[in-house]
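See below for the structure under consideration.
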């Protein structure tokens, strides 16, 4: 059973899901919120009718990189993508300290 790191509380995940304007991001926030309230990734994936491997990879990326990974990067310019990659790398370095 995959657990979420304590970047955000369940309540904060719920608020991000409810306040999200982008449907892709809302779906990701919903998945993380449901996993945070003690459901397994497999149960949530079945309930949401999404691929288990996709759900598990999202949870693992969230645990590794934090909430920034939830953003839908397809809409970003290459400059913003580069800045995002740098921020993710910084978070990874901080993870191991």
How far apart, in nm, are two points set 7 Å out from the Cα along the Cα-to-Cβ line at residue 22 and at residue 82? 2.0
With each pseudo-label sitting 7 Å past Cα toward Cβ, what's the residue 50-residue 89 distance in nm, one decimal? 2.8
If you take the Cα Rg of the chain and divide it by 2.2 N^0.38 Å, with N the number of residues, what do you get? 1.07
Mind pulling the angle between the C-alpha long axis of helix 78-95 and the longest principal axis of the chain? Nearest 10 degrees, somewhere in 0 to 90. 70
So for the stretch 1-41, considering every pair of alpha-carbon atoms, how many percent are separated by more than 12 Å? 52
Angle, helix 23-36 long axis vs. longest principal axis of the chain, Cα atoms, 0 to 90°, nearest 10? 60
Determine the calculated [θ] at 222 nm for the chain from helices alone, applying -39500 (n - 2.57) to every DSSP H run no shorter than 4 residues and normalising by the residue count; nearest 500 deg cm²/dmol. -21000 deg cm²/dmol
Per-residue Cβ contact counts at 10 Å, fewest first, order 36, 57, 77, 10 as 77, 57, 10, 36
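Can you tell me how much longer the chain between residue 61 and residue 11 gets when fully stretched, taken as 0.36 nm per residue apart minus their C-alpha distance, in nm with one decimal?
16.0 nm
Since every read-out is calculated from the coordinates, none of them should be taken as a lab result. Given the structure is predicted, the values throughout are model-derived calculations rather than measurements. All Cβ positions, even for glycine, are placed from backbone atoms using ideal geometry, and neighbour counts span all protein chains on display.
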